[in-house]
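Chemist: Below are the structure tokens for one structure; questions will follow.
Bear in mind that the values in this text are calculations on the coordinates, not laboratory data. Given the structure is predicted, the values throughout are model-derived calculations rather than measurements. Glycine gets a Cβ as well: all are built from the backbone with ideal geometry, and neighbour counts include every protein chain shown.
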Amino acid sequence: MTGGGDRELSPRRMEYLKFLLERGEPVTNADLAARFGVDPSTSTRTVRALVETGLVEHESYGGIALSGRGRRCAEFLMRRHRLLALAFARLGMEPATACAQAARCEDRIPRDVVNTICAALGHPSRSACGDIAMDRGCCAGREE
């Protein structure tokens, strides 16, 4: 998902992808339901929708994991969140507030704006929320 492709995703679906990326291993539907405080039938519907878009792989009664395309999308989503949180923190917000504010508005920020923010911040590698992955299209020539 590049450019505005992630705009096809609801904020909740974006959160599922970021959670799967952070976990780094297949999870169960019960894990997702518990993490997001929803009924398992709700998380099942969300997973089914993500499978239909090709972002998630899931076998019946098996683990739920990112597809290759899903991993790339989740990496961008995580990078965008962390860069926004860092920008808000540098503007004077407490780190927790900056992270929460980033979550409220991140789904509206396209890749080109994320790259502009990254460059303006000096291509940082760390945010209050965690490590910021370098992007070849933005951070070319920088060490990862």
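Chemist: What is the helix-to-structure angle for 40-52, meaning the angle in degrees between its Cα long axis and the longest Cα principal axis of the chain, kept from 0 to 90 and rounded to the nearest 10?
Modeler: 70
Chemist: Using a Gaussian network model of the chain with C-alpha springs under 10 Å, which one of Gly68, Gly37, Gly24 is most mobile by mean-square fluctuation?
Modeler: Comparing Gly68, Gly37, Gly24 in a Gaussian network model of the chain, the most mobile one is Gly37.
Chemist: Using modelled backbone amide H atoms (1.01 Å from N, in-plane), which distant-in-sequence or interchain residues come within less than 5 Å of Glu57's amide H?
Modeler: Residues meeting the criterion, in which the H sits 1.01 Å from N, are Ala65, Leu66, Ser67.
Chemist: Amide H neighbours of Ser127 under 5 Å, at least 5 residues apart or on other chains, H built in the peptide plane: list them.
Modeler: Close amide H contacts, sequence-distant or interchain: Ile132.
Chemist: Sort out the exposed loop trypsin sites (Lys or Arg not before Pro) in the chain (DSSP loop, at most 14 other Cβ within 10 Å) and tell me the longest stretch that has none.
Modeler: Maximal segment without exposed cleavage sites: 1-135.
Chemist: Tell me the mean residue ellipticity at 222 nm calculated for the chain from its helices only (DSSP H runs of n ≥ 4, each -39500 (n - 2.57), averaged over every residue, nearest 500).
Modeler: Taken over the chain, the calculation gives -17000 deg cm²/dmol.
Chemist: Additional query: Based on the alpha-carbon gyration tensor of segment 78-131 and its eigenvalue square roots a ≥ b ≥ c, which shape applies: rounded if a/c is under 1.5, prolate if not and a/b is larger than b/c, or oblate?
Modeler: Numbers: a/c = 1.62, a/b = 1.18, b/c = 1.38.
Oblate.
Chemist: Out of segment 1-82, which chymotrypsin sites (Phe, Trp or Tyr not before Pro) are coil in DSSP terms and have no more than 14 other C-beta atoms within 10 Å?
Modeler: Working: sites: Tyr16, Phe19, Phe36, Tyr61, Phe76; in loops: Tyr61.
Sites meeting the loop and neighbour criteria: Tyr61.
Chemist: Which ³J(HN,Hα) values, rounded to whole Hz and listed in residue order, are derived for segment 94-110 from phi using the Karplus coefficients 6.51, -1.76 and 1.60 in 6.51 cos²θ - 1.76 cosθ + 1.60 with θ = phi - 60°, glycine and proline given as x?
Modeler: So the Karplus estimates, Gly and Pro as x, are 4, x, 5, 5, 4, 5, 5, 5, 4, 5, 6, 10, 4, 5, 9, 9, x Hz.
Chemist: Kindly write out, for segment 26-32 in residue order, the coupling ³J(HN,Hα) from the Karplus curve 6.51 cos²θ - 1.76 cosθ + 1.60 (θ = phi - 60°), rounded to whole Hz, with x marking Gly and Pro.
Modeler: With coefficients 6.51, -1.76 and 1.60, one gets x, 10, 9, 4, 4, 4, 5 Hz.
Chemist: Right, another one. Angle, helix 111-120 long axis vs. longest principal axis of the chain, Cα atoms, 0 to 90°, nearest 10?
Modeler: Relative to the chain, helix 111-120 is tipped by roughly 40 degrees.
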